[in-house]
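Some notes on the structure that comes next.
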Amino acid sequence: MNKIFTALSFVALLSSCATVNYSYEGKAFKDAYSSIKSDELKKNLYVIADDNMEGRDTGSEGQKRAAEYIINYYKNLNISHPAEMSSYLQTVPAEYMNKKSRRGTFNDSANILAFIKGSEKPEEIIVISAHYDHVGMKDGVVYNGADDDGSGTVAVMEIAEAFKQAVKEGHGPKRSILFLHVTGEEHGLFGSSYYVDNPVFPLQNTVADLNIDMIGRDDAENRGQNYVYVIGSEMLSSDLKKINEAANAKTNQLKLNYKYDDPKDPQRLYYRSDHYNFAKKGIPVAFYFDGIHEDYHKPTDDPDKIDYVLLAKRAQLVFATAWELANRKDRIVVDKK
């Protein structure tokens, strides 16, 4: 009896330790969370939004240089592409984009996919997405798109590094994480549309998409505040908004602004970034956004105007939300339409 009791107690202790390690109070989370640093975000953004990238227009040589930098970042972290793919690149054919667009003729472009396989429920996928394209050059002037969406691009990269840190400590995510850099957002959400039409993983196994599009600045309405707009988090799931709010309460306690969830809002931002293509397929989404500021879609959207401390806090919130989605016992519900 004593041996049985001791054995059962040991199993219970192990279970308790596992729970603690995956909680927000656990060392694994804290180490990974604190690895998201403003100086690293700044270093990567000054490359992604450099004039050498020529505004990262869809299918351009500048965008290809940005893709090469992003891919090398993942290689250096030893984060691979999905095993189902032969490389990090998912080609988005020109023909596909041209059929969907009334504006111009596009060259082939590509989404970038990096992947960390889950330890317990690898078939269930959390997508963390951002578009890495911008609007290119106009009359010889480079539109660097540091905030739109260089900020989201480097945030996804840094969040990937945080999850890799947890893997190194033996507490990698229980569900799989897909780090998805999509192309063609500026011209019509092409890359995310192509991915959901040609998913690498079955969409029914995709738990949620956390989409990051502009999180490095503030708008006039929230000037100087620690805030972020969160859009669409309760549109399809009664769980996702609660999880995001709990993650925020346990971390940086940003002011969460739900202004753009109002269906009457004239900006209709819920429909205007890459998360919407996932939402159309019934996948719960949360879209993180800083607002429409004075340099939006202007050549003055440069990396020296980014608030890197606030960028790091917002990226940490996305990471904390993804951490819970990946490690909680039950998959979040889809109970709204």
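Tabulated results
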quantity: Residues being of a type in the set (D, E) and over 18 Å from G145 (Cα atoms) - total across segment 247-303; calculated: 3
quantity: Residue ID - farthest from A322 (Cα to Cα), chosen from residues in segment 107-118 that are part of a loop (DSSP other than H, G, I, E, B) and open to solvent by 20 Å² or more (accessible area, probe 1.4 Å); calculated: N107
quantity: Meets criteria (touching a Gly at 6+ places or on another chain (Cβ under 9 Å), within 29 Å of D218 (Cβ to Cβ) and either open to solvent by 10 Å² or more (accessible area, probe 1.4 Å) or without any contact (Cβ under 8 Å) to a residue 40 or more places away in the chain (or both)) for V135; calculated: yes
quantity: Matching residues, segment 67-96, being in a helix (DSSP H, G or I) and either under 20 Å from G188 (Cα atoms) or of a type in the set (F, W, Y) (or both); calculated: A67, Y69, Y73, Y74, A94, E95, Y96
quantity: Residue satisfying all of: in segment 105-155; aliphatic (A, V, I, L, M) and under 14 Å from Y195 (Cβ atoms); farthest from the chain's Cα centre (by Cα) among these; calculated: A110
quantity: Flag if I125 is open to solvent by less than 10 Å² (accessible area, probe 1.4 Å) and within 28 Å of D304 (Cβ to Cβ); calculated: no
quantity: Residue match in segment 48-67 (condition: open to solvent by less than 70 Å² (accessible area, probe 1.4 Å), within 23 Å of V309 (Cβ to Cβ) and under 17 Å from the mean Cα position of the chain (by Cα)); calculated: yes
quantity: Residue list for segment 208-227, filter: closer than 16 Å to I159 by Cβ and not in a loop (DSSP other than H, G, I, E, B); calculated: A208, D209, L210, N211, I212
quantity: A208 vs. criteria at pLDDT 95 or above, more than 20 Å from T91 (Cα to Cα), touching a Pro at 6+ places or on another chain (Cβ under 7 Å) and buried (at least 24 other Cβ atoms within 10 Å of the Cβ); calculated: yes
quantity: Residue among G224, G150 that is out of contact with any Leu (no Cβ under 7 Å at 6 or more places or on another chain) and of a type in the set (G, A, S); calculated: G224
quantity: Residue that is at pLDDT 95 or above, assigned to a loop (DSSP other than H, G, I, E, B) and open to solvent by 40 Å² or more (accessible area, probe 1.4 Å), where the choices are K313, K281, K336; calculated: K281
quantity: Count - residues of segment 161-205 that are under 18 Å from A83 (Cα atoms), open to solvent by less than 10 Å² (accessible area, probe 1.4 Å), of a type in the set (S, T, N, Q) and part of a loop (DSSP other than H, G, I, E, B); calculated: 0
quantity: Condition check for G291: open to solvent by less than 10 Å² (accessible area, probe 1.4 Å) and at positive phi; calculated: yes
quantity: Qualifying residue in segment 238-257 (condition: touching a residue at least 24 places away in the same chain (Cβ under 8 Å), surrounded by 21 or more Cβ atoms within 10 Å (Cβ to Cβ) and closer than 24 Å to L189 by Cα); calculated: yes
quantity: Cβ-Cβ under 9 Å pairs, at least 6 apart or on other chains, segment 110-124 side over 14 Å from F179 (Cβ atoms), far side open to solvent by 30 Å² or more (accessible area, probe 1.4 Å) and of a type in the set (V, I, T); calculated: A110/T91; S119/V167
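The values are calculated or read from the model by the stated rules, or taken from the named source; none is laboratory data. Small disclaimer: the values here were computed from a predicted structure and weren't measured. FYI the Cβ positions are ideal-geometry reconstructions off the backbone, even for glycines, and counts take in every protein chain you see. With ligands, DNA and RNA removed, areas are computed over all heavy atoms of the protein, side chains included. Shrake-Rupley method; radii C 1.70, N 1.55, O 1.52, S 1.80 Å.
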